[in-house]
Amino acid sequence: MVHCDLTDRSIPMADRLNGTRILILETREEAQFSKLLAEQGAEVVQCPMFTIEDAPDPAPVEAWIRRAIDRPLDDLVLMTGEGLRRIMKLARTRGLDAALVAALAKSRKFTRGPKPGKALREISLEAQQTTEKPTTEGVIEMLGKLDLKGRRLGLQLYPDKDHSALTGALAAQGAEVDTVLPYVYDPKAADANIVAAIDDMAQGKIDSIALTNLGQVRRLIEAAKAHGSEAKLRAGFERTLVASVGPAVSGELAAHGLRTDVSPADEAYFMRPLISAMAAALAGRKPRTAAS
């Protein structure tokens, strides 16, 4: 995952990417990256890599809701705003939403970053504490300062993540952890987005593709193979400036016979240095969009 170093001032002025179209393979963490690119004048082309669906089996989620109502939690930890909204959606369909909100009002509420806090405010509740760093490590650090021994703690999880470090840390603190996973990712449903992005690159409609984790490279290759677009993907990479956030991503590209054109210098594997490297590389080029 790419990190955002907000102390880096390597972009001294706005509009350095005016006239360029930058493709990013959108995941949960890319909203800030998209914002920073747009602030530099880029037209950001976002390619969602998965769709979000309700948990295929609602029974465990409903059971969690009923436990939280029948015996209000001492603490609630929300990892995503999407998670709380999906929980409330199911609660409404079961006629349990008012009872759940009343029960959660009795709990101490902790959030991983601001988005779960926003979801709480949508049901007229407030977080008692929010992580300084919106990461699992930030949650562990925040909760590690609390006495959780003997406390019932509800933990909302999200898909495609190993949460064992978090659940293990909470259990080690003596908490009775009750987890809920209210939604899943469906990557296959997003294949059409990826194939369309590959077409845009092959047609010269994209100036640069910015890759911020190796999973994005793997998804590109996987979708291209599934839809017979491998040759088109390689043609697109030939026409497009390939920006990599660091050696892990560049290594994954190389493993598939694909090159990296630009990457941040001096081991500064963050968003802003990546954008600076892209701006410098694109400055000497005529934007492809000018010809499209």
Residues of the range 31-42 being touching a residue at least 60 places away in the same chain (Cβ under 8 Å) and under 16 Å from SER208 (Cα atoms), in sequence order, are PHE33, LEU36, LEU37, GLN40
I need a count of the residues in the range 51-80 that are under 30 Å from ALA243 (Cβ atoms) and surrounded by 21 or more Cβ atoms within 10 Å (Cβ to Cβ).
2
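Every residue, every condition in (1) modelled with pLDDT under 95; (2) hydroxyl-bearing (Ser, Thr, Tyr); (3) farther than 30 Å from ALA280 by Cα, yes or no:
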position	(1), (2), (3)
LEU25	yes, no, no
PHE33	yes, no, no
GLY41	yes, no, no
MET49	yes, no, no
ILE52	yes, no, yes
GLU62	no, no, yes
ILE65	no, no, yes
GLU82	yes, no, yes
ARG85	no, no, yes
State whether the residues of the range 93-103 include one that is surrounded by 15 or more Cβ atoms within 10 Å (Cβ to Cβ), under 14 Å from ASP178 (Cα atoms) and at pLDDT 95 or above.
no
Mind checking whether some residue in the range 43-51 is in contact (Cβ under 8 Å) with a residue 12 or more places away in the chain, in the same structural domain as PRO273 (by TED's automatic domain parsing), under 23 Å from the mean Cα position of the chain (by Cα) and at positive phi?
no
In the range 147-171, the residues that are touching a residue at least 60 places away in the same chain (Cβ under 8 Å) and more than 26 Å from the chain's Cα centre (by Cα):
LEU148, ARG151, ARG152
Just one of (1) in contact (Cβ under 8 Å) with a residue 60 or more places away in the chain; (2) surrounded by fewer than 18 Cβ atoms within 10 Å (Cβ to Cβ) trips up THR212, so point out which.
(2)
Just to be sure I understand, how many residues within the range 100-140 are over 20 Å from the mean Cα position of the chain (by Cα) and either more than 16 Å from LEU166 (Cβ to Cβ) or in a helix (DSSP H, G or I) (or both)?
18
Has the range 238-259 got any residue that is under 19 Å from the mean Cα position of the chain (by Cα) and not hydrophobic (A, V, I, L, M, F, W, C)?
yes
With respect to ASP162, determine if the residue is modelled with pLDDT under 95, loosely packed, with under 12 Cβ neighbours inside 10 Å and at negative phi.
yes
Within the range 146-168, the count of residues that are over 20 Å from GLY117 (Cα atoms) and not in a strand (DSSP E or B) comes to 13
Examine the range 191-201 for a residue that is in the same structural domain as ASP57 (by TED's automatic domain parsing) and surrounded by 21 or more Cβ atoms within 10 Å (Cβ to Cβ), and state whether such a residue exists.
no
With the condition being modelled with pLDDT under 95 and among the β-branched types (Val, Ile, Thr), I'd like the strands (runs of 3 or more DSSP E) fully within the range 179-291 carrying at least 1 qualifying residues.
183-186
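The values are calculated or read from the model by the stated rules, or taken from the named source; none is laboratory data. Quick caveat, the model's predicted, so the values are computed rather than measured. All Cβ positions, glycine included, derive from the backbone under ideal geometry; neighbour counts span all protein chains shown.
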